[in-house]
Amino acid sequence: MNRTLCFLLLWLALAVAPGQAAFVNGHSYVPLADWAQANGLKVAWLRRGDQIAVANHNLRAIFVINSAAAEINGVAVRLCFPAASARGIPLISQLDADKTLRPFLYPPRTAAGKRITTICLDPGHGGRDTGNQVGAHSEKTYTLALAQELRDQLQLAGFQVFLTRNDDNYVELPFRPAQANRRGADLFVSLHFNATENDRQDVQGTETYCITPVGASSSNAQGEGAGYGPTSANHNEQKSILLAWSVQKALVHLLGAPDRAVRRARYAVLRDAIMPAILVEGGYMTHPVEGARIFTSGYRRLMARAIVQGILAYQKSLQAPAATIPSHTKHPTHSVYSHSPR
Ligand SMILES: [Zn+2]
């Protein structure tokens, strides 16, 4: 360990009084170092006063003070509330400690032998609801094309798959998760493509959404506030963020698309699902390059392959042996953080 890092770790240890909780904008926060120590993680500044990492052998998370943009195991993740600092002590919201980080440290386990068998795919929009319209291109056309490709690939991988619509039909939002619930799906995956009015040349990349925890505000463009009660989806929120993370990771890696992060939303199609549920925004139809790719079957085939890979990795992660807290871990020394907030 180099001397600077040694000093910083010592400084953190001395600066933080254990058990100290704080309130930032009315939300409960805990010192990051306390939380890290209690969970067997090391903590170190990557850029002093600004960027900080916690790590053990199965989790490496990077936070930026006064920002909700974080990174967990190499994938951008939106926090429920920005990381903060008080008198130089880095703080993280209690809600993020419990709902964003904890699932990665102590993943919920599936019962032995229990596997994902049935997956419900939800092609966004349809019929009179075209979704985003870019020139002659309607979002509803490409969400259905992607869902059909994904269905074929998932079936080849051994899953049973059904779609909430099989043709250009209008389907009410509540009826989409309702079909998944009624037919006993193990996973629900809603498929969409994005668009933006401004900065069309610049805004591109994939986003994967999962349900917003109770007490948090969402990170979608509408950004509903925190005053919402629990929904059916909150029962599976730990699994849903892990599924979203796995799928987002595979999308970014296979497509080479900019990582616009795992995000939170209370979308109608997410909140009523009684199984782990995510919504994939597979890229920006308005971006000149990404848009043109989305309109090709080859790119959608690759996107489908990424989603299959993400689902398989998620399934595997739930079957791994339970995480143990290590007695000795490596310290993070270099930042790989490169995410630019929306
Ligand atoms: Zn859409």
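For the stretch 192-203, what does the Karplus curve 6.51 cos²θ - 1.76 cosθ + 1.60, with θ = phi - 60°, yield as ³J(HN,Hα) per residue in whole Hz, taken in order and with x for Gly and Pro?
Running phi through 6.51 cos²θ - 1.76 cosθ + 1.60 with θ = phi - 60° gives 9, 10, 8, 7, 9, 7, 9, 6, 4, 6, 9, 7 Hz.
Would you mind getting me the FRET efficiency between Ser232 and Phe162? Use the beta-carbon distance for r and R0 = 25 Å, nearest 0.05.
Efficiency, from the Cβ-Cβ distance: 0.85.
Taking the Cα centre of each part, how many Å lie between the stretch 125-156 and the stretch 38-110?
Value for the Cα centre distance between the two parts: 35 Å.
For the stretch 118-319, what is the Kirkwood estimate of the hydrodynamic radius, computed as the reciprocal of the mean inverse distance between distinct Cα atoms, to one decimal in Å?
Taking every pair of different Cα atoms in the stretch 118-319, averaging 1/r and inverting gives 16.6 Å.
What are the semi-axes of the equivalent ellipsoid of the chain, taken as the square roots of 5 times the eigenvalues of the Cα gyration tensor, listed largest first and rounded to whole Å?
36, 21, 19
Would you mind ranking Trp45, Trp35, Trp245 by Cβ crowding within 10 Å, fewest neighbours first?
Result, fewest neighbours first: Trp45, Trp35, Trp245.
In percent, how large is the relative contact order of the stretch 118-319, given Cα pairs closer than 8 Å and 6 or more residues apart?
Worked out over the stretch 118-319, it gives 27 percent.
Cross-link candidates for Lys114: which aspartates and glutamates have Cα within less than 18 Å, leaving aside residues fewer than 8 places away along the same chain?
Within reach: Asp186.
What is the chain's relative contact order, in percent, from Cα pairs under 8 angstrom and six or more apart in sequence?
It rounds to 21 percent for the chain.
Could you pull out every one of the aspartates and glutamates with an alpha carbon less than 16 Å from that of Lys249, ignoring same-chain neighbours closer than 8 positions?
Glu71, Glu207, Asp259, Glu281
With Cβ to Cβ distances under 13 Å as the rule, what net charge do the other residues near Pro288 carry (K, R +1; D, E -1)?
Computed value for this residue: -1.
For an R0 of 35 angstrom, estimate the FRET efficiency from the Cβ-Cβ distance between Arg109 and Ala136 and round to the nearest 0.05.
Efficiency for this residue pair is about 0.15.
Computed from the coordinates by the stated procedures, all read-outs in this text should not be read as laboratory data. Source: prediction; values computed, not measured. Cβ coordinates were reconstructed from backbone atoms using ideal geometry, including for glycine residues, and neighbour counts include every protein chain displayed.
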